[in-house]
1. Could you pull out every one of the strands (runs of 3 or more DSSP E) wholly within segment 361-438 that has 3 or more residues that are of a type outside the set (D, E, K, R) and touching a residue at least 24 places away in the same chain (Cβ under 8 Å)?
2. Failed condition for ALA111, given (1) among the hydrophobic types (A, V, I, L, M, F, W, C); (2) modelled with pLDDT of 85 or more; (3) within 16 Å of the ligand (Cβ to nearest atom), with all others met?
3. Looking at (1) within 16 Å of the ligand (Cβ to nearest atom); (2) over 21 Å from VAL426 (Cα atoms); (3) not basic (Lys, Arg), find the lone condition where VAL312 falls short.
4. Being buried (at least 18 other Cβ atoms within 10 Å of the Cβ), more than 16 Å from the ligand (Cβ to nearest atom), touching a residue at least 12 places away in the same chain (Cβ under 8 Å) and not polar (S, T, N, Q) narrows it down to one of VAL322, VAL333, so name that one.
5. Note down all Cβ pairs under 8 Å where the first residue falls in segment 291-304 and is closer than 26 Å to GLY386 by Cα, the second is near the ligand (Cβ under 8 Å from one of its atoms) and of a type in the set (Val, Ile, Thr), and they're at least six residues apart or on different chains.
6. Let me spell it out: the conditions are (1) within 20 Å of the chain's Cα centre (by Cα); (2) surrounded by 14 or more Cβ atoms within 10 Å (Cβ to Cβ), and CYS94 meets all of them except one. Which number is the exception?
7. Evaluate segment 244-259: report whether one residue or more is surrounded by 15 or more Cβ atoms within 10 Å (Cβ to Cβ) and within 14 Å of the ligand (Cβ to nearest atom).
Amino acid sequence: MHETYGPVVRINPYEIHVNDPALYRQIYPFNGNIDKWGWFTRQFGIPESTFATVDHHLHRLRRSALNPLFSKQSIVKFEPRIAVKVTKMVQNICNASSGPVKLSAAYAALATDYSFDLDSACIDNVDFASMYHDAALAGSYAGNLAKHFPVIFPLIRKLPIWLARLLKSEVAFFVEFQNHIGELVARASSEVKSRPVDTKRTIFHHILRSDLPETEKSVERLTQDGVVTVAAGIMTTAWALSVTSFHILSQPNVLQKLKDELDVINVAAGEAPCLAQIERLPYLTACIKEGLRLSHGVTARLSRVRPDTDLVLSSGGQQWTVPAGTPVSMSSVLVHMNSDIFENPHSFNPERWLAGKNLDQYLVAFSSGSRQCIGMNLAYAELYLGLAIFFRAYGTPQVHKGNEIGLVQLFETSDSDVEMIGDGNVPMIRPDSKGIRITVMPTSGIKM
Ligand code: HEM
């Protein structure tokens with residue numbers, strides 16, 4: 001429709017969609033009274049979560065309780081925990097070397113494990129099975145249907161587990177996932193009541209002790225917030241790690257440059273590199289940005305509504321007025337794949353971020369404005385530590401330094417295993433893909 005009708009199109013009777021990267025920040029600004037669109041947010045069946053809150057002011061109140069947990073300062077405190085999990089994952093991959101390892105599942109298990117006190121220990125599973133990841137993905141894909149039939153999720157949530165298991169394993173995972181989060185919230189709630197000065201600080205303990213009104217602290221509301229926070233963190237981070245690793249492994253010149261950069265950082269034997277150190281590495285940073293660009297983050301059109309003001313969009317000497325109350329959006333995929341900004345947009349090319357072109361403004365995987373991803377600092381910490389520890393520990397038969405714990409090679413994995421074929425709120429991949437798989441040959445080196 002954009003090719004036929006231009007950059008600003010009324011795509012259905014209610015909604016306007018935009019395809020002009022210059023307009024992205026105008027649609028998603030940090031200031032102003034901006035709501036979400038109820039028709040979009042109802043698809044997940046969690047209307048009381050911060051993510052799905054429609055009203056701007058209520059959203060600000062709910063988000064204010066979460067903000068301190070996700071500040072850069074708080075995430076730095078998480079760093080040792082993330083590093084321990086990544087190191088364990090890297091060692092487990094080496095131990096599980098008898099057949100191909102599903103790297104995308106390993107990353108999914110990793111992202112699940114460091115999501116707030118879930119005690120899931122997914123990375124200890126030999127096959128890296130990740131119940132939460134699969135449940136979250138199934139829920140995200142189902143959103144396309146649930147937008148039209150919003151009764152689906154409330155019904156699923158009420159299913160007894162035996163019936164859910166009879167229907168489909170993903171449905172059962174989803175019910176178990178929600179039940180597990182509900183149990184964690186209920187436990188936190190009774191702990192906070194019985195021991196008001198306890199120092200244990202999961203996301204739930206934190207909210208329960210915050211200044212939010214008591215009506216905002218119900219077990220049901222906090223369960224909804226927990227479900228979306230964990231699900232949003234797992235799917236996106238695991239996919240960004242997977243896509244970035246796939247491209248690095250498939251281009252020996254990229255791997256060589258990355259390993260050269262990682263090899264010179266000063267790390268004591270047996271220790272993980274520290275975040276402050278690796279965040280300054282230009283080539284690793286460029287790989288992460290390129291990986292975020294090609295993994296897209298959230299692919300759905302994230303509609304915004306100005307309830308009481310018109311929105312005037314202006315670009316290239318043209319102006320459009322979006323009337324108050326009208327949902328308007330621009331998909332991240334259209335920004336990331338715009339060939340005027342990113343030449344050969346399908347190719348993984350970290351160098352484009354090092355050419356002084358000020359491309360950062362067009363990296364919108366985390367969206368922008370008042371509803372921008374709250375987990376961005378945590379996601380970056382996971383990406384930096386995950387990739388740095390993995391690529392210090394592993395080389396390929398073509399590119400290695402001699403001090404790795406193993407050599408890896410992609411196993412029957414091609415571009416078609418990472419290419420987006422549809423929008424399931426996150427990228428949909430061809431259904432018969434077996435994931436991003438590697439084979440591992442342990443070496444005698446020990447350094448990580
Ligand atoms: C590469 C990793 C990630 C990407 C690309 C990503 C992307 C996004 C995007 C685009 C949004 C905006 C959605 C909207 O406008 O409706 C969002 C919101 C959100 N994300 Fe992330 N995310 C990532 C990791 C995480 C992590 C690690 C967490 C927490 C554990 C998290 C928690 C959330 C939450 C709670 C929201 C809702 C925020 C609000 O409504 O105020 N995300 N994310």
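1. 406-410, 426-428
2. (2)
3. (1)
4. Among VAL322, VAL333, only VAL322 is buried (at least 18 other Cβ atoms within 10 Å of the Cβ), more than 16 Å from the ligand (Cβ to nearest atom), touching a residue at least 12 places away in the same chain (Cβ under 8 Å) and not polar (S, T, N, Q).
5. From segment 291-304, the pairs are SER295/THR236; GLY297/THR236; GLY297/VAL364; VAL298/THR236.
6. So the condition that CYS94 fails would be (1).
7. Among the residues of segment 244-259, at least one is surrounded by 15 or more Cβ atoms within 10 Å (Cβ to Cβ) and within 14 Å of the ligand (Cβ to nearest atom), which makes the answer yes.
A quick yes/no check of all residues on (1) surrounded by 16 or more Cβ atoms within 10 Å (Cβ to Cβ); (2) closer than 30 Å to CYS94 by Cβ; (3) small (Gly, Ala, Ser):
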position: HIS346; (1), (2), (3): no, no, no
position: GLY375; (1), (2), (3): yes, yes, yes
position: PHE391; (1), (2), (3): yes, yes, no
position: ASP423; (1), (2), (3): yes, no, no
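The values are calculated or read from the model by the stated rules, or taken from the named source; none is laboratory data. If you're wondering where the values come from, they're calculated on a predicted model, not measured in any experiment. So basically every Cβ, Gly included, is an ideal-geometry build from the backbone, and we count neighbours across all protein chains shown.
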